[in-house]
C-alpha cells in the first residue's frame, strides 16, 4: 500500500513533479505511463528514498519515506532502469551479496535464492558471470534480486526498456507470474502503451510531472468512446468541421477529431467494421473529402494517452496564453506514440 | 537488542533475532566480499599494479643505485651495507599502497556509473557500513599487493623477523586505510570519470614523490621539507624504513605511528561524512 500526498520535486526551479497524489492498493499492479522526462523515474526514486521530495510526502507499507527511510528500504524491492548488478560476479553471487545486505536469515538464504532464480528462469545460468548474460537475462536477474528479501512492494522502472519484442514478451510472462506467485504490490513505469495495458490493473498517465489521468485501462479506453477510424484525406488540410457536419446524420458516429500530428481525421464510431462502408459512401458524395487511406482500430492506450495529453495542453493553454511553445514541443515529443 | 525495523515484517516465515552489530557485520562482510571477489577476478589489474613497483625497484633502484652515493647524508644505525635499492624498498612498498588504495577508492566512480552503487544504497545499509566495507576491501587489496613485493624483498636482501612482519603489516594497513579513505572521499565527490586523471596527477604522484620514498629527508630545502611533512605517506615510509632497515629518519618511530593513526582517523571520518552526504542518484 502506497499513499502519495501532494508530492513536489524541483531541481533549480524546474518542477519535475507537480502535486502528485496517488493511492496504490495492496496486490495491485499500478502503471506509471508517460514519455521520457515525464517524472516517472524521479517519482520511483523518491518512493525508494533515494532522493528527497521538495514538498509533500508518501508512505510505503505504512512507513513515511522521509521519517523512516530505512524501514521503507527493508520493505521494498526495486529494479532500476539500467541493470545494476556487478557483472564481474556471477548471478548467484550477486543474489548472495544482496541477501546479505538485506539480512536474509542464513538458514533461508539458499532456499530463497534458488526460488527467485527459478522464478525468473536463470537457475541453469546462475554460476555464469553476469557479463556473459544477455540484456533480457540481466533484467531478469535484477527482478530476482528485487524479490529476494520478500518485499511487499516492488518497483520496476521501465522493465522492458531496450529489450527486443520476444524478450519483452518473456519479461511480461515473468512479471505476471511473480504478481501471482509472490502476492506483491507492483509499481511499474513504462512508455509502452501495450505494456501498461497488458500488465496493469490501474494506470496513472503522467506528463511533465503531473498526473493527467488515472484509471483502469478499460475505463480509460472507454472514455475515448467506441472504436476509431483514422482517415487520411487527399487534401492534407481537410476541414474537420466539414466532415463533422456531413457525418452528423449517422447516429453511430460519436465524434470526429483531428489528429494534430499528421492532419489525419479520427472518427469515433460504434461497430466500425459494419459502419465503415456507410461512412465512406457519405464522404464520397461530399465535397473535397477524397479519402486516401483508412485505418480501423479499437482504442489503444496510445489514443488514450494522446487524448489526455492534448486535453491537458488545451487546459493549460487556457490558463496561460503565453505558453504557446508548449504545444509544438509537446506534439513533436508525442509524435512517436502516434506512429504505433 | 533486536532492531524493530529489521524485522522481516513482510516475511512471516523469516524470523529475525539478530543484534544490530550482527546485522552490521553481515553487511560489512557482504560489501568486503564483493570487493575481494572482484579483485581476484581482475587479474590484469593485479598484474599491472605489481609490475610498476618492480620497474621502480629494479630500474630506478639499480640505475640510481649504481651512480648515487648519499651515505654521507644518511644517519643509519644498521651495521650492514645498505644500498640505494634497499633504501627505496620501503618507499616502493608505500608506492604500491598509494596506487592501489587511492585507485581502489576512486573506483567508486565506476560503481556509480554502472548503477551498482545505487543498488547498494537502496538496500537498508548505512552509509558508514558501505564506507567501511569498501575501506576494508581496499586494505585487503593493498595488503595482497604489498605482500607480493615483500616476497621480492628477499631477492634484494631484506631481512624480516616475525616482529618486523607484524609491524610491517600494521603500517601497511594503517596507510592503506588512510589512502583508501582519501580515494573514496574524492570518488564520492566526483560525478564523472574525467576527474580520475586529476587524481593521478594531483594526488597520487605528489603523495608518492613527497613521501621521501626515493630520497632521505635530512637535507631538503625548506619549501620541500614543508611539503614532505604534510604528506601522510612520509610517516608510512619512515616507519617502514625503520622496521625493515633499521634506519631512523627525520621522525621517531612513535611519531610516525602516531601521525599514521591520526591521519587514518581524520581521513576515515571525512570519508564517512562524504559518504553520508553523497547523492544516491
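The values are calculated or read from the model by the stated rules, or taken from the named source; none is laboratory data. Everything quoted here is computed from the prediction, not taken from an experiment. So basically every Cβ, Gly included, is an ideal-geometry build from the backbone, and we count neighbours across all protein chains shown.
Yes or no: residue A:207 buried (at least 18 other Cβ atoms within 10 Å of the Cβ), closer than 18 Å to residue A:38 by Cα and within 14 Å of another protein chain (Cβ to nearest Cβ)?
no
Which of (1) more than 18 Å from residue B:269 (Cα to Cα); (2) within 14 Å of chain A (Cβ to nearest Cβ); (3) at pLDDT 95 or above does residue B:113 not meet, given it meets every other one?
Failed condition: (3).
Restricting attention to segment A:12-36, and to residues there that are surrounded by fewer than 23 Cβ atoms within 10 Å (Cβ to Cβ), under 30 Å from residue B:276 (Cβ atoms) and in contact (Cβ under 8 Å) with a residue 12 or more places away in the chain, which single residue is nearest to the other protein chains (Cβ to nearest Cβ)?
Among them, the one singled out is A:16.
For residues in segment B:9-21 being surrounded by 13 or more Cβ atoms within 10 Å (Cβ to Cβ) and modelled with pLDDT of 50 or more, which is farthest from the other protein chains (Cβ to nearest Cβ)?
Applying the filter and picking the extreme gives B:20.
Pick from A:164, A:201, A:197, A:181: which is out of contact with any strand residue (DSSP E or B) (no Cβ under 9 Å at 6 or more places or on another chain) and farther than 22 Å from residue B:115 by Cβ?
Selected residue: A:181, the only one of A:164, A:201, A:197, A:181 that is out of contact with any strand residue (DSSP E or B) (no Cβ under 9 Å at 6 or more places or on another chain) and farther than 22 Å from residue B:115 by Cβ.
Of everything in segment A:178-192, what is in contact with a helix residue (DSSP H, G or I) (Cβ under 7 Å, 6 or more places away or on another chain) and in a helix (DSSP H, G or I)? Give them in sequence order.
A:178, A:181, A:182
Could you tell me whether segment B:179-189 includes any residue that is surrounded by fewer than 21 Cβ atoms within 10 Å (Cβ to Cβ), assigned to a helix (DSSP H, G or I), out of contact with any strand residue (DSSP E or B) (no Cβ under 6 Å at 6 or more places or on another chain) and in contact (Cβ under 8 Å) with a residue 40 or more places away in the chain?
Yes - at least one qualifying residue is present in segment B:179-189.
Condition check ((1) more than 7 Å from every other protein chain (Cβ to nearest Cβ); (2) loosely packed, with under 13 Cβ neighbours inside 10 Å; (3) at pLDDT below 75; (4) farther than 17 Å from residue B:213 by Cα) across all residues:
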site: B:7; (1), (2), (3), (4): yes, no, yes, yes
site: B:27; (1), (2), (3), (4): no, no, no, yes
site: B:35; (1), (2), (3), (4): yes, no, no, yes
site: B:40; (1), (2), (3), (4): yes, yes, no, yes
site: B:44; (1), (2), (3), (4): yes, yes, no, yes
site: B:59; (1), (2), (3), (4): yes, yes, no, no
site: B:69; (1), (2), (3), (4): yes, yes, yes, no
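Residue B:217 versus (1) in contact with a helix residue (DSSP H, G or I) (Cβ under 7 Å, 6 or more places away or on another chain); (2) within 17 Å of residue B:91 (Cα to Cα); (3) in contact (Cβ under 8 Å) with a residue 40 or more places away in the chain: which is the lone unmet condition?
Condition (3) is where residue B:217 drops out.
Kindly list the number of the only condition in (1) buried (at least 20 other Cβ atoms within 10 Å of the Cβ); (2) within 9 Å of another protein chain (Cβ to nearest Cβ); (3) touching a strand residue (DSSP E or B) at 6+ places or on another chain (Cβ under 8 Å) that fails for residue A:87.
Against the list (1) buried (at least 20 other Cβ atoms within 10 Å of the Cβ); (2) within 9 Å of another protein chain (Cβ to nearest Cβ); (3) touching a strand residue (DSSP E or B) at 6+ places or on another chain (Cβ under 8 Å), residue A:87 comes up short only on (1).
Of all residues in segment A:39-92, count the ones that are in a strand (DSSP E or B), without any contact (Cβ under 8 Å) to a residue 60 or more places away in the chain and over 29 Å from residue B:39 (Cα atoms).
7
Does residue A:9 satisfy the criteria of being within 14 Å of another protein chain (Cβ to nearest Cβ) and touching a helix residue (DSSP H, G or I) at 6+ places or on another chain (Cβ under 7 Å)?
yes
Of everything in segment A:95-116, what is under 32 Å from the mean Cα position of the chain (by Cα), within 9 Å of chain B (Cβ to nearest Cβ) and not in a loop (DSSP other than H, G, I, E, B)? Give them in sequence order.
A:96, A:97, A:98, A:99, A:101, A:112 - these are the residues of segment A:95-116 that are under 32 Å from the mean Cα position of the chain (by Cα), within 9 Å of chain B (Cβ to nearest Cβ) and not in a loop (DSSP other than H, G, I, E, B).
Conditions (1) more than 14 Å from chain A (Cβ to nearest Cβ); (2) closer than 22 Å to residue B:165 by Cβ; (3) crowded, with 20+ Cβ neighbours inside 10 Å; (4) within 16 Å of the chain's Cα centre (by Cα), marked per residue:
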{"residue": "B:224", "(1), (2), (3), (4)": "yes, no, no, no"}
{"residue": "B:234", "(1), (2), (3), (4)": "yes, no, yes, yes"}
{"residue": "B:238", "(1), (2), (3), (4)": "yes, yes, yes, yes"}
{"residue": "B:243", "(1), (2), (3), (4)": "yes, yes, yes, no"}
{"residue": "B:248", "(1), (2), (3), (4)": "yes, yes, no, no"}
{"residue": "B:263", "(1), (2), (3), (4)": "yes, no, yes, yes"}
{"residue": "B:278", "(1), (2), (3), (4)": "no, no, no, no"}
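Scan segment A:65-76 residue by residue and report those that are within 9 Å of another protein chain (Cβ to nearest Cβ), buried (at least 21 other Cβ atoms within 10 Å of the Cβ) and touching a helix residue (DSSP H, G or I) at 6+ places or on another chain (Cβ under 7 Å).
A:71, A:74
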